[in-house]
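Here is the structure we will look at.
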Amino acid sequence: MKPENIGHLRTVYKRYYHQSVDNLPDGWVAIIDDFFLSLEGIGDLNTAASIRFERTASGLQAFVFPERPLWHPRAILSLHTAQRELYEQSQQTCEVCGNPGAAEDGHVWCIGHAGELAAKARREAALYEECRALFHEVHGEAINLAVPDHLFDLLSTTLHAIHKLVVSEDIVGKVLITRLEIDDGALFCRVHYSKLGAVFQGTQMAINEMLADLEVLSDELTRKHNLGGSDAA
């Protein structure tokens, strides 16, 4: 989610804000805003709830952990209604622009965004599957291959090179990329090595160098892209 949208939700609804909001798509800001507004109308919740959001395969869920003894039954019913409305709205709201949309390949897009973004999502999913030996079984939000188009080929080439090296050295499961995501416009990478002896020191150095080059080259490509193209000075 864009910093300005995060800032809005964190400032206006600071009593409910949770950092899980940060990883949600910008197109859902309005329905999250509506959910928070609904909570504002439930007086019992003002000082008695902790809220965490989770995007599931079927929609956006808000998990609320209240001090139930402080609640009136009507407040509990109102909360359940707000949670259901958020969940249902997430199933039909484009995650890019907020217009009416429909689910496709685990995402929700309007007609205007469906084709291009669906193809992009499939491309990212394919890359993850091809190099899945480099990631934990449950990778969480720290592994996000949804990089801008001008970085994808560089990312793909680097991951395939590391994957090939790991497989050829027979050290699958001992080299795990623990962070790969765009943060404030820059690509960040982190890797963890497990039970690798001194004999693999050269391999570790090679992988570290490839990831360092990925970060540096991605910064350069982003700079050129922002200036107007790959030929910009």
Report the extension gain between Asp170 and Glu88 in nm, rounded to one decimal, defined as 0.36 nm multiplied by the number of residues separating them, less their alpha carbon distance. 24.9 nm
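Calculated from DSSP H runs of 4 or more alone, at -39500 (n - 2.57) each and per residue, what is the 222 nm mean residue ellipticity of the chain, nearest 500? Intermediate results must be reported in sequence, preceding the final value.
Numbers: 6 runs with 107 residues, N = 233.
Estimated from H runs of four or more residues: -15500 deg cm²/dmol.
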Solvent-accessible area, 1.4 Å probe, carbon plus sulfur percent, for the chain: 53
List the lysines whose alpha-carbon lies under 23 Å from that of Lys195, not counting same-chain residues fewer than 8 positions away? Lys164, Lys174
PRE zone check, label point 7 Å out along Cα-to-Cβ of Glu220, amide N under 18 Å, scope the stretch 164-208, hits 186-189, 208
If you roll a 1.4 Å probe over the heavy atoms of the protein chains, what accessible area per residue do you get for the chain, in Å²? 56
The set of residues whose placed amide H lies less than 5 Å from the amide H of Gly101, leaving out same-chain residues fewer than 5 positions away, is Thr93, Cys94
Between Ala118, Ala206, Ala103, find the one with the highest GNM mean-square fluctuation for the chain; connect C-alpha pairs within less than 10 Å. Ala206
Go through the stretch 117-131 residue by residue and turn each phi into a ³J(HN,Hα) via Karplus (6.51, -1.76, 1.60, θ = phi - 60°); whole Hz please, and just put x for glycine and proline. 6, 5, 5, 5, 5, 5, 5, 5, 5, 5, 4, 4, 5, 5, 10
Run down the aspartates and glutamates and flag those whose C-alpha is under 12 Å from the C-alpha of Lys2, throwing out any fewer than 8 positions away in its chain. Asp22, Asp26, Asp183, Asp184
Compute a Gaussian network model of the chain, connecting alpha carbons closer than 10 Å, and tell me which residue from Leu196, Leu155, Leu134 fluctuates the most. Leu196
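I need the GluC sites (Glu not before Pro) found in the stretch 55-143, filtered to DSSP loop residues with at most 16 other beta carbons within 10 Å of theirs.
Values: sites: Glu67, Glu85, Glu88, Glu95, Glu104, Glu116, Glu124, Glu129, Glu130, Glu137, Glu141; in loops: Glu67, Glu95, Glu137.
Here the sparse-neighbourhood loop sites are Glu67, Glu137.
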Tell me, what HN-Hα J-couplings in whole Hz come from the Karplus equation 6.51 cos²θ - 1.76 cosθ + 1.60 at θ = phi - 60° for each residue of the stretch 24-29, using x for Gly and Pro? 8, x, 4, x, 9, 4
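The values are calculated or read from the model by the stated rules, or taken from the named source; none is laboratory data. Note that the structure is predicted; figures quoted are calculated from it, not measured. Virtual Cβ from ideal backbone geometry, glycine too; neighbours counted across all protein chains shown. Heavy atoms of the whole protein, side chains included, go into the accessibility calculation; ligands, DNA and RNA do not. Shrake-Rupley method; radii C 1.70, N 1.55, O 1.52, S 1.80 Å.
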